[in-house]
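First up is the structure itself, then whatever we jot down about it.
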Amino acid sequence: QMFIRSQTMISSLVLVTVLTIASIAPPVAALSAADVRAPSKGKLIVHNEQVPGLENGMDYVKLGGSDLTVSNICMGTMTFGEQNTQEEGVEQLVQAFDEYGINFLDTAEMYPVPTKPETQGATDATVAAFLKTRKRDDVIVATKVAGRSERINWLPRNKPDTFAEVDYESIVTSVDKSLERLGTDYIDLLQIHWPDRYTGGLFGQPDFTPSMYEQSPTPNDFEEQLKGLQKVVAEGKVRYVGVSNETPYGTMSFCQLAKSMPDLYPKIISTQNSYSLVCRKDFEAGLAEVCYHEDVGLLAYSPLAGGSLSGKYNGPPEQYEGARLTLFPGFMDRYKDSLNAKAIDAYCEVAKKHGLTPTQLSLSWCYHNPLVSSSIVGATSLSQLSENLKAHDIKLDDDCMSDITKVYKEFTDPTKARN
């Protein structure tokens with residue numbers, strides 16, 4: 001009886017504490033359309049420019065703590081050299097830059113995807129062909145050095161068969177080879193493609209566990225990585241540096257080292273992370289706060305969740321024959337083997353209710369999100385690219401945002417919930 005009374009007292013005390021905290025915590029309102037469009041330090045729109053393909057023009061945004069002014073949309077290129085020929089890739093870039101005001105593109109040393117030795121570098125060859133048609137200063141070029149991988153050993157390095165990792169030598173060599181392939185003498189933004197250390201949760205993997213970290217290869221420390229980044233910045237080969245697929249811990253570690261030793265290490269200005277209606281919580285629950293206070297811009301990749309948010313994979317098989325998730329078995333399985341299909345059905349209903357296509361709903365939500373500096377979009381056809389870019393003209397109203405919130409509360413990051 002004494003035990004029961006003690007437990008009851010403890011339960012009552014916990015309840016009182018929770019209620020007390022709840023009563024003094026400031027109320028938090030749901031995100032409205034006005035909130036989404038409100039200017040903020042997190043997303044500083046520098047100006048809007050009228051362009052042929054958009055009724056409302058293209059917004060240009062200051063990227064993190066840099067002097068780069070980038071278009072609100074960045075051209076993704078990872079299909080160039082695999083699903084798209086070089087000619088098709090150049091055609092897409094020309095349309096994006098000339099008709100829609102894009103001034104920003106993103107590539108990587110390992111592209112196209114899926115990465116393999118036979119095609120490595122083909123994407124950069126396409127970008128190089130496009131750059132020959134432009135004044136170099138008119139194009140902001142971002143690329144990426146590969147993170148650690150025990151299966152990728154064909155990237156250009158000083159020693160053949162070297163497995164990918166983010167150490168001083170790999171960074172320096174990667175940049176030199178990227179410059180050769182791209183046919184330019186500088187890179188505007190160099191990013192670490194994924195962390196050198198085990199983090200959990202990467203590309204649909206299970207979340208972090210201490211035992212998995214302890215069983216994983218010893219990573220290069222942050223100082224080693226920043227030393228390599230500082231080398232290429234000091235030599236004028238790279239203007240700014242960033243990260244990709246990073247966590248709050250990693251982002252904060254990079255930022256604090258640069259802040260405490262600015263003469264030794266460069267500051268990261270951006271993180272390129274997956275962010276969409278079905279992949280939000282990882283960023284919003286911790287990394288968003290870090291990025292805001294450390295002036296790190298989010299480059300949102302996969303805003304259509306591998307194309308799944310278009311709704312095409314929820315239809316009959318003939319509707320998505322030849323699409324990316326069917327061409328490459330195992331690629332982006334997190335968008336198939338999960339509750340994602342149910343969530344997408346719900347978002348498709350929201351889109352239909354508000355007179356939009358699922359693609360328009362998903363991209364507009366991301367394009368005009370105050371947490372996002374620039375959204376990276378790609379396509380395999382000009383018609384698909386046009387639909388994606390024209391969604392910039394659409395701004396969602398309060399009713400639509402409220403309906404999105406209802407779906408999100410029911411399906412919070414469904415790609416994490418495996419069937």
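The values are calculated or read from the model by the stated rules, or taken from the named source; none is laboratory data. Keep in mind that this is a model prediction, so the values were computed, not measured. Cβ: placed from backbone, ideal geometry, glycine included. Neighbour counts: every protein chain shown. Just so you know, the surface numbers come from the protein's heavy atoms only, side chains and all, with ligands and any DNA or RNA stripped out. Shrake-Rupley method; radii C 1.70, N 1.55, O 1.52, S 1.80 Å.
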Inset, instruction - Give me the aspartates and glutamates in straight-line cross-link reach of Lys159: C-alpha distance below 16 Å, same-chain residues under 8 apart excluded. - result: Glu150, Asp167, Glu169, Asp176
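May I ask which of Lys281/Lys390; Lys177/Lys237; Lys177/Lys231; Lys116/Lys231; Lys116/Lys177; Lys352/Lys416 have a Cα-Cα span longer than 19 Å here? Walk me through the intermediate numbers first.
On the way: Lys281/Lys390 27 Å; Lys177/Lys237 11 Å; Lys177/Lys231 15 Å; Lys116/Lys231 28 Å; Lys116/Lys177 17 Å; Lys352/Lys416 26 Å.
The answer is Lys281/Lys390; Lys116/Lys231; Lys352/Lys416.
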Legend entry - For region 92-238: span of alpha carbons on each principal axis (Å, largest first): 51, 33, 27
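Per residue and in cubic angstrom, what volume does the convex hull of the Cα atoms of region 365-415 have? Present the calculation step by step, with values, prior to reporting the outcome.
On the way: hull volume 5.7 nm³, N = 51.
Measuring per residue, one finds 112 Å³ for the Cα hull of region 365-415.
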Legend entry - Spatially proximal aspartates and glutamates relative to Lys409 (Cα-Cα < 17 Å; intrachain offsets below 8 disregarded): Asp282, Glu284, Asp345, Glu349, Asp398, Asp399
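Check each of the trypsin sites (Lys or Arg not before Pro) in region 41-127 and keep only those in coil by DSSP with at most 15 other C-beta atoms within 10 angstrom; list them in order.
Counting only loop positions with at most 15 other Cβ atoms within 10 Å, the trypsin sites (Lys or Arg not before Pro) in region 41-127 are Lys41.
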Inset, instruction - Using label points projected 7 Å from each Cα along Cα→Cβ, tell me how many nm separate Lys259 and Asp161, to one decimal. - result: 4.5 nm
Legend entry - Cross-link table Lys43/Lys336; Lys312/Lys336; Lys312/Lys342, entries beyond 21 Å C-alpha to C-alpha: Lys43/Lys336
Legend entry - Cleavage-rule hits (GluC sites (Glu not before Pro)) in region 83-152: DSSP loop, at most 13 neighbouring Cβ within 10 angstrom: Glu118, Glu150
Inset, instruction - Any chance you could look up the accessible area of Val46 with a 1.4 Å probe, heavy atoms only, rounded to 10 Å²? - result: 80 Å²
Inset, instruction - With a ≥ b ≥ c taken as the square roots of the eigenvalues of the C-alpha gyration tensor of region 54-98, please select rounded if a/c is under 1.5 and otherwise prolate if a/b is larger than b/c or oblate if it is not? - result: oblate
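What's the magnitude of the charge dipole for region 139-208 around its Cα centre, counting Lys and Arg as +1 and Asp and Glu as -1 at the beta-carbon? Answer in Debye, nearest 20.
Numbers: 8 positive and 11 negative charges, 33 e Å.
It works out to roughly 160 debye.
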Inset, instruction - Would you mind checking the radius of gyration and Dmax of region 73-146 based on alpha-carbon positions, in Å? - result: 11.4, 34
Inset, instruction - On the protein heavy atoms, probe 1.4 angstrom, tell me the percent of accessible surface of region 61-181 carried by carbon and sulfur. - result: 46 percent
